[in-house]
Each structure stands twice: as C-alpha cells, then as structure tokens.
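Peer 1: Can you read through this structure? Questions will come right after.
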Amino acid sequence: GAVVSQHPSRVICKSGTSVKIECRSLDFQATTMFWYRQFPKQSLMLMATSNEGSKATYEQGVEKDKFLINHASLTLSTLTVTSAHPEDSSFYICSAPYDGYTFGSGTRLTVV
Amino acid sequence: AQKITQTQPGMFVQEKEAVTLDCTYDTSDPSYGLFWYKQPSSGEMIFLIYQGSYDQQNATEGRYSLNFQKARKSANLVISASQLGDSAMYFCAMREGADDKIIFGKGTRLHILP
C-alpha cells in the first residue's frame with residue numbers, strides 16, 4: 001500500500017527555536033497533504049491543508065506565521081513550527097488523500 | 001456544532017465479546033464518507049473501514065463491520081470476537097462533499113480485558 005514517511009518521529013527542542021517536520025510520499029505523488037495536531041488524550045485537529053505549488057489553507061484559529069507549511073514538490077510537504085513554546089508540545093501527523101487516506105507515523109514534539 | 005460525535009470516552013470489554021463503538025454525524029451534504037481508524041499507543045493511524053453515503057450495504061472488513069443507519073446519521077463500528085490487541089483509541093471521521101479533508105470525532109478508548 002501507499003506509504004507516507006514522516007520525520008522525525010520524536011523531537012525535543014528548546015523554547016524559541018524552530019522545528020521542521022517532513023512528510024514524504026514514497027510511492028505516489030501527493031498533491032495535497034493534511035496536517036493534524038493531537039494533544040494528549042484528545043482528537044486529531046486539522047491545522048491546515050498543503051497543496052503542491054500553492055499556498056496552504058489554514059483552519060480557523062491556526063496561526064499561519066507560527067506553523068509554516070510548504071509543499072515544494074509532489075512528494076514532500078513540510079511543517080515548520082517557528083519560535084516553538086511549551087504549549088506547542090503535541091503530536092503532529094500528516095495525511096495524504098491517497099489509497100483512502102494514508103497517514104504518516106506522526107511526530108511527537110516536546111518543547112522545553 | 002460538532003460534526004462527529006462519539007459519546008463513549010472509554011469502554012471496557014471482555015476478550016472474545018463483540019463491541020459496538022458509537023458514532024453519530026452531522027452533515028447536510030448528500031455525498032459524504034465515513035471512516036473508522038484505530039490508534040494504538042504508538043500513535044499511528046490504522047484505517048479500519050469506510051462507508052460511503054450512497055453505499056447500499058453496510059461495510060465489512062474482517063472482524064470489523066459498520067452499522068450504517070443513514071436516517072439516524074449513525075455509523076457505529078462493530079468489532080466481533082474482540083482480542084487483547086484491539087485495545088486502542090478508536091476514531092470516527094467524516095469527509096463531506098467534494099472536500100478531501102476529513103474531520104475526526106473525539107474518540108473512544110477501548111480496553112479489552114483478559
């Protein structure tokens with residue numbers, strides 16, 4: 001089946017630094033990628049939709065300048081958490097609408 | 001208003017018993033799709049089953065079946081002969097119309113007891 005490779009799986013960063021999360025489609029071309037955030041024991045909340053070659057679409061309440069999304073090619077979408085703070089600590093997961101919906105394995109971000 | 005409602009935050013079920021996880025949804029679009037995912041503690045999202053709004057029959061995938069009651073806007077997941085490995089978080093999700101994005105319910109944590 002289709003695979004979305006997400007890296008890193010875990011990252012710990014200092015407050016104020018930026019972190020980049022990558023989602024790469026390995027055996028298909030992903031023109032669209034959805035980015036979700038999941039706080040502990042909560043549901044997946046859609047943050048934004050990235051589209052190859054155009055600007056990302058952000059959900060209401062999501063700060064565009066804080067969560068930078070880039071979809072530079074048909075196989076790579078990235079989410080950069082800029083100037084991360086402890087409240088940004090969460091589980092971030094991407095999903096491509098291919099073969100049903102193919103999810104990455106998620107990134108657990110801890111900001112200290 | 002919530003689009004997807006899962007009213008059971010947690011459930012405890014004896015191994016080998018069947019279990020039903022509830023999901024109700026809200027949409028005015030005649031074309032939609034309903035999904036169930038399993039999320040173990042590792043965090044990965046495992047696709048279980050899909051039901052399209054125009055599908056005439058209830059979806060089944062091995063031990064999973066979806067009890068689709070369109071008039072009630074209900075899409076309950078039934079797991080037959082539960083196993084210890086079924087212990088996980090389960091999410092109901094929906095896609096509406098031509099929109100590709102899917103929205104998740106709050107989930108149900110299922111505990112299978114030996």
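Rule-based calculations on the coordinates, nothing more; no lab input. No experiment lies behind these values; they were computed from the predicted model shown. Cβ: placed from backbone, ideal geometry, glycine included. Neighbour counts: every protein chain shown.
Peer 1: For region A:48-82, give me each residue that is assigned to a loop (DSSP other than H, G, I, E, B) and of a type in the set (D, E, K, R). First the steps, then the outcome.
Peer 2: Within region A:48-82, the subset assigned to a loop (DSSP other than H, G, I, E, B) is A:52-53, A:59-66, A:74-75, A:82.
Scanning region A:48-82 gives A:E52, A:E59, A:E63, A:K64, A:D65, A:K66.
Peer 1: Name the pairs whose Cβ atoms lie under 7 Å apart, with the first residue in region A:57-70 and under 16 Å from B:K101 (Cβ atoms), the second basic (K, R) and surrounded by fewer than 16 Cβ atoms within 10 Å (Cβ to Cβ), and 6 or more positions between them or separate chains?
Peer 2: Final answer for the pair search is A:Y58/A:K64.
Peer 1: Related question: If I ask for residues that are surrounded by 19 or more Cβ atoms within 10 Å (Cβ to Cβ) and in a loop (DSSP other than H, G, I, E, B), which ones from region A:18-42 would you list?
Peer 2: Listed by number, the list holds a single entry, A:A30.
Peer 1: Hey, another quick one. Can you find a residue in region A:10-19 that is within 13 Å of chain B (Cβ to nearest Cβ) and either among the hydrophobic types (A, V, I, L, M, F, W, C) or under 16 Å from the mean Cα position of the chain (by Cα) (or both)?
Peer 2: There is at least one residue in region A:10-19 that is within 13 Å of chain B (Cβ to nearest Cβ) and either among the hydrophobic types (A, V, I, L, M, F, W, C) or under 16 Å from the mean Cα position of the chain (by Cα) (or both).
Peer 1: Only one of B:I112, B:I49, B:I103 is in a strand (DSSP E or B), away from chain A (no Cβ under 14 Å) and buried (at least 16 other Cβ atoms within 10 Å of the Cβ). Can you tell me which? Walk me through how you get there before you give the answer.
Peer 2: Values: B:I49 fails: away from chain A (no Cβ under 14 Å); B:I103 fails: away from chain A (no Cβ under 14 Å).
Exactly one residue qualifies, and that residue is B:I112.
Peer 1: Consider A:M45 against the criteria (1) at the interface with chain B (Cβ under 10 Å from one of its Cβ atoms); (2) in a strand (DSSP E or B); (3) over 13 Å from the mean Cα position of the chain (by Cα): it satisfies all of them except one. Which criterion is unmet?
Peer 2: So the condition that A:M45 fails would be (3).
Peer 1: Among the listed residues B:R95, B:R72, identify the single one that is touching a residue at least 40 places away in the same chain (Cβ under 8 Å), part of a loop (DSSP other than H, G, I, E, B) and of a type in the set (K, R).
Peer 2: Values: B:R95 fails: part of a loop (DSSP other than H, G, I, E, B).
The match here is B:R72.
Peer 1: Something else now. Just wondering, is there one or more residues in region A:86-99 that are surrounded by fewer than 15 Cβ atoms within 10 Å (Cβ to Cβ), within 14 Å of another protein chain (Cβ to nearest Cβ) and either of a type in the set (F, W, Y) or under 27 Å from B:Y50 (Cβ atoms) (or both)?
Peer 2: yes
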